[in-house]
Amino acid sequence: MSQTLRWRPGFPLAIPHATTKDDTYQGYFIPANTTVIMNTWAINHNPDDYPSPDTFDPSRYIDSKFGTATTSEADPWRRPSYAFGAGRRVCAGQRMAENSMLIAMAKLVWTFQIDPLGRREDLDFSVRTGFKDAILTAPDEVGMKFEVRGGRRDVVEKEWKAKDAWLQRFE
């Protein structure tokens, strides 16, 4: 999940913030009420930290909890992902979102064999041509085929019926 958030962050330029008072950062003066935008994309694609930054490579996180080539463990401000912001205004729902994504991804992979409708070689992973040009990063639409993995159909149907019966109370 950390590699997915690094490779294609949902908000490549994060959410704008404003300074409440004058500040100086690395010798640069920033006046009060200045809009500040964190470039999540640039942080996550810095080749000094992430060799071949455009490559999806989850093994980056085997030797480093930050997925970086350099040792960042000594940096108290370093985060495994900047997809939820940083500093004192980091997203309060980060842990809930990460846990929800992990559960959803695990259930999808456990339940379904997922394949593209076309050839795998034709999938476009380039951020320049295979993703929407918008404030949010999202892939272009791609036809996918979901097939329930062997022996799991009964579990899916049983759970569907139970959840549907529970939700009927609210209609």
Top-ranked residue of region 1-45 - restricted to ones that are hydrophobic (A, V, I, L, M, F, W, C) and assigned to a loop (DSSP other than H, G, I, E, B), ranked as surrounded by the most Cβ atoms within 10 Å (Cβ to Cβ): Ala14
So which of Gln113, Gln168 is at negative phi and not in a helix (DSSP H, G or I)? Gln113
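To keep it simple, each residue is scored yes or no on (1) outside the structural domain of Arg6 (by TED's automatic domain parsing); (2) more than 22 Å from Gly130 (Cβ to Cβ); (3) touching a strand residue (DSSP E or B) at 6+ places or on another chain (Cβ under 7 Å); (4) at pLDDT 90 or above.
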| site | (1), (2), (3), (4) |
| --- | --- |
| Pro47 | no, no, no, yes |
| Arg60 | no, no, no, no |
| Phe66 | no, yes, no, no |
| Thr70 | no, yes, no, no |
| Trp77 | no, yes, no, no |
| Pro80 | no, yes, no, no |
Residue set Ala92, Ala83; condition touching a residue at least 60 places away in the same chain (Cβ under 8 Å) and part of a loop (DSSP other than H, G, I, E, B); output residue Ala83
Run Asp48 past the list (1) farther than 30 Å from Val148 by Cβ; (2) among the charged types (D, E, K, R); (3) under 18 Å from the mean Cα position of the chain (by Cα) and report the number of the one that doesn't hold. (3)
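The values are calculated or read from the model by the stated rules, or taken from the named source; none is laboratory data. If you're wondering where the values come from, they're calculated on a predicted model, not measured in any experiment. Don't worry about glycine lacking a Cβ; one is built from the backbone with ideal geometry, like all the others, and counts go over all protein chains shown.
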